[in-house]
Every structure is written in structure tokens, then in C-alpha cells.
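These notes are about the structure you will find just below.
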């Protein structure tokens, strides 16, 4: 058992690695943005989550930057109020992780990390062509969190592009068929095996496998 005092006494790198691993498997995505000078940016994020379906909203947490470090993704989202979320496949994982390096503002991670930029005519932010699941979002709410200096971004889903073969008749997506990976901590990318789906749960009987 590790109590709070023991956790705080750990080496900082060990503590950060441990706490980042505690939520288990999470979505890992590439966030595409552009600034007001039309310079693109691409950033890997592992804190993306569902907020609501009606209206369709997604949230993500952007970590605080060390003193003097620029936060290009956050600054671009606040300036243009648009961004894209692009799922990461197993083939994309190494290049996606490379986007976490501290590139200069004038160097696009699309070019530096080997991704192809795609623009929809009526949408400001760039998408990742290689991704089989692409979302275009408009900034709906921004909350700087005073508890630890992180930034909560909530976006309204404006566009969805998914591989046709992954769409099921009931509206869900077969993410495994798109070879999308899940993340653990800040540096691990895992392939997803066949999952289990169950019927709607009711008090009078256990759910059944679909």
C-alpha cells in the first residue's frame, strides 16, 4: 500500500510515471491546430474524454508548461477556436509520440514527424490524413484549473470522418478494425484486442452479450 505521504516521498519522475499510469488504458489522439499566421501544429494528447452526446461534446486536459515554455496547441485553440482530434493507429504510434518533442513554433510537427496535413474547405484546423477517425471541433468552453495549473478544453463536435468499414448499423464504431491504439502513461501505446459488448442493463435481468 502506498499512502499519500509515501507517494510524495517517491522520486519525482517515478511519482509522475506511477500517477500517469493509474487511470489505465486511455484514448491517445493527435490534436491538429493552426495559428493566425497559418502555421500548423500537431500534438499527441492522452487526456481526451467524452463530455456529452446531445450536444456532442468532447473534453481534454492540457498540462501546464514549465516556466518560459510555449504551449502552441493551447494558444492556437484559444486564438482560432477550432481544432481537430485524430485517432492514432499502431502504424502511426512512433511518429505520434515524436510530436511530444518541443519543436519551435515555426516548425510544423506534420512535416517533422511524417504526417500529411489535410484541410476541409470550411474548417480552419488541419486534419491528419493517415488517421482513420478524424473529428473537427469548435471551442465551446475553456477553463484554467487553479488546483494544478492545467487547462480544460471542451469542444463541440462539428465534423466526423470515420472509415466506412468501421461503422456499425447501431451507430457505434468498431475501433479495433481501424487498428487504433490505447495509451498508458505518457509513453506506452497498446493494441486493442477483441472487446465485449453487452445489451442495455436493466435491474430485473443481467445484460447479455451482443
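Read-outs throughout are calculated quantities, based only on the coordinates presented, and are distinct from any laboratory measurement. Note that the structure is a prediction, hence the values are computed from the model and not measured. When we count neighbours, we look across all protein chains shown, and the Cβ atoms used for this are built from the backbone with ideal geometry, even at glycine.
For this structure, a couple of remarks:
- Taking 130, 81, 158 as the candidate residues, the one with maximal mean-square fluctuation in a Gaussian network model of the chain, Cα springs under 10 Å, is 158.
- Estimated FRET transfer efficiency (residue 49, residue 2; beta-carbon r; R0 30 Å; 0.05): 0.75
- The range 90-210: C-alpha gyration tensor shape, a/c 1.5 cut-off, then a/b vs b/c: prolate
- Förster radius 30 Å - calculated FRET efficiency between residue 159 and residue 21 (Cβ-Cβ, nearest 0.05): 0.40
- Potential lengthening between residue 107 and residue 75 on full extension [0.36 nm per residue; Cα-Cα distance subtracted]: 10.0 nm
- Taking each residue as 0.36 nm, the span from residue 170 to residue 129 lengthens on full extension beyond its C-alpha to C-alpha distance by 12.1 nm.
- Mean residue ellipticity at 222 nm, helices only, the chain: -4000 deg cm²/dmol; runs of at least 4 DSSP H residues each add -39,500 (n - 2.57), and the sum is divided by the number of residues.
- Cα centroid separation - the range 154-187 against the range 1-55, whole Å: 18
- The range 10-190: C-alpha gyration tensor shape, a/c 1.5 cut-off, then a/b vs b/c: rounded
- At R0 = 22 Å, FRET efficiency that the Cβ-Cβ distance of residue 202 and residue 140 yields, to 0.05: 0.10
- The length gained by stretching the chain between residue 190 and residue 177 to full extension, at 0.36 nm per residue less their Cα-Cα distance, is 3.2 nm.
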